[in-house]
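Participant: First the structure, then my questions, so here it is.
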Amino acid sequence: MEINKKEYDEYVKVVTPLNNLWADMGKAFLVGGAICTVGQALNSFFSSRGAGEEVAAAWTILCLIALSVILTGLISTRSW
């Protein structure tokens, strides 16, 4: 079975999702801001508990990585 170029182009138009660039950029801005806010809150928390600058940064990175692993696992196992 052979598909000509015109049929293939129509097929691609049907199955390709349409994205709104401005909405996608807005969501990326909000998500990125939320991640930075969580990171800063963790860093401030560890610093207020007496950790030095490098130790607080290390614990912040560790917590952000652990949080990303946990959330990825929860999201990927959920059936949409």
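Every number here is computed from the coordinates shown, using simple stated rules; none is lab data. Please read all numbers here as calculations on a predicted model, not as lab measurements. With ideal geometry, Cβ positions are generated from the backbone for all residues, glycine too; neighbour counts draw on all protein chains shown.
Participant: Could you grab me the full set of residues in the stretch 1-35 that are surrounded by fewer than 10 Cβ atoms within 10 Å (Cβ to Cβ) and more than 30 Å from Leu64 (Cα to Cα)?
Facilitator: The answer is Met1, Glu2, Asn4, Lys5, Lys6, Val12, Lys13, Val14, Val15, Thr16, Pro17, Leu18.
Participant: For the stretch 51-62, state whether one or more residues are free of Cβ contacts under 8 Å to residues at least 12 places away in the same chain and exposed (fewer than 10 other Cβ atoms within 10 Å of the Cβ).
Facilitator: Looking for residues that are free of Cβ contacts under 8 Å to residues at least 12 places away in the same chain and exposed (fewer than 10 other Cβ atoms within 10 Å of the Cβ), one finds at least one in the stretch 51-62, hence yes.
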